[in-house]
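J.: Pasting a structure here, questions to come.
No lab work stands behind these numbers, since they all come straight from the coordinates. Remember, it's a predicted structure, so these values are computed and weren't measured experimentally. Ideal geometry is used to build each Cβ from the backbone, glycine not excepted, and the neighbour counts take in all protein chains shown.
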Amino acid sequence: MKTYTDCIPCFLRQATRMVKAQIDDEQLCETVLRRILTILADLDYKLSPPEIGKPLYDLIKEVSGINDPFRKERREQNQVALGLLPRMRNIVEQSHDPWSEAVKLAIAGNAIDLGIRSNMNREDIERSIIEMLDYNMNTEDTDELRKAVEKADSILYLGDNAGEIVFDMLLIEQMPKEKICFVVRGAPALNDVIMEDAEYVGLTRLVEVIDNGSGITGTSIPDCSRSFQQRFNQADLIIAKGQGNYETLSDVEKNTFFLLKVKCPVIAMDIGIEIEKMVVINRRLHRLHRL
């Protein structure tokens, strides 16, 4: 997905928040923000939003000297999600359709996103997930994904955010785990999941976990490691969580299912669906399924 002009205010909002949170000197803040404006003026807007955002975040890390500014938030989000896990697992197990319920909860976990909400606390996370429990599911919407999982011999499951990965585990538990390789970011990027988070929540004990070698808030194939690119090319099926993965992979020719909650009006416009909806999109068939 290309970057739209409506993305620019979002870049500036996120960058300003990060600069002010990590740099105390007001003059230095101004200098960094001016450099960010210059970077934004010169970038190629045919790139995806995560690719546009990377040099901005890299600059802030360089100036502040803080490589992982959201580590505390990631740990808190993992803890909140783990606290909800027993209840959510019981809901899946007691459901008349555990698969569809697990898909719903995995997408509901996509609400944990500091790129959209900068002040998401424990109460916000719990409320967002619990509200999704009443979301009506049409089992036809998840059957295609189920069939694709059954047919595939190798599946790459691309994670999105910390905390959210706990709910991904509920869906992975419904799959043949020997087929699954879960992918995390190769370096900190906002509250996106990295290997530290996968280890903390126990995901590494459930399935194989690798990193993609990249610090972009999505999966930009050219920026990823060669080893990941090889795994991506060889995989029969890609399951990609979240908006960042949609933004970076929606134009890539691959049998990909995108699972996300639409939290951004630009994404809503690109997909052609209302904001706040939960969606499953099959890339190969160019079909949209509304949950």
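J.: Got a sec? Charge dipole of the chain, +1 on Cβ for Lys and Arg, -1 for Asp and Glu; which of I238, I66, V279 is way out at the positive end?
T.: Of the listed residues, the answer is I238.
J.: Return the label of the correct value of P(r) over Cα pairs in 10 Å bins from 0, in percent, as calculated from the structure shown, out of (1) 5, 25, 35, 26, 8, 1, 0; (2) 6, 25, 28, 21, 13, 6, 2, 0; (3) 6, 30, 37, 20, 5, 1.
T.: The listed entry that was calculated here is (3).
J.: Now for a different question. Arrange the following residues from fewest to most other Cβ atoms within 10 Å of their Cβ: Y200, Y135.
T.: Fewest to most other Cβ atoms nearby, the residues stand as Y135, Y200.
J.: Same structure again: So, in nm, how far is label C29 from label R75 when the simple model puts each one 7 Å beyond its Cα toward the Cβ?
T.: About 2.6 nm separates the two model spin labels.
J.: Determine the alpha carbon to alpha carbon distance for each of K46/K177; K61/K263; K46/K147; K147/K277; K61/K104; K177/K254 and list only those over 31 Å.
T.: K46/K177; K46/K147; K61/K104
J.: Something else: Would you look at the GNM of the chain, springs on alpha carbons closer than 10 Å, and say which of P98, P86, P188 moves the most?
T.: Most flexible of the set in this elastic network: P86.
J.: How long is the stretch 1-90 along each principal axis, judged by its Cα atoms, biggest number first, in Å?
T.: Per principal axis, max minus min of the Cα coordinates gives 51, 35, 18 Å.
J.: How big is the charge dipole of the chain about its Cα centre, in debye rounded to the nearest 20, if each Lys and Arg gets +1 on its Cβ and each Asp and Glu gets -1 on its Cβ?
T.: Value, rounded to 20: 200 debye.
J.: Under the rule of -39500 (n - 2.57) per DSSP H run of 4 or more residues, summed and divided by the residues of the chain, what mean residue ellipticity at 222 nm is obtained, to the nearest 500 deg cm²/dmol?
T.: Calculated mean residue ellipticity at 222 nm is -16000 deg cm²/dmol.
J.: I need D197, D134 ordered by Cβ neighbour count within 10 Å, fewest first.
T.: By the 10 Å Cβ count, ascending: D134, D197.
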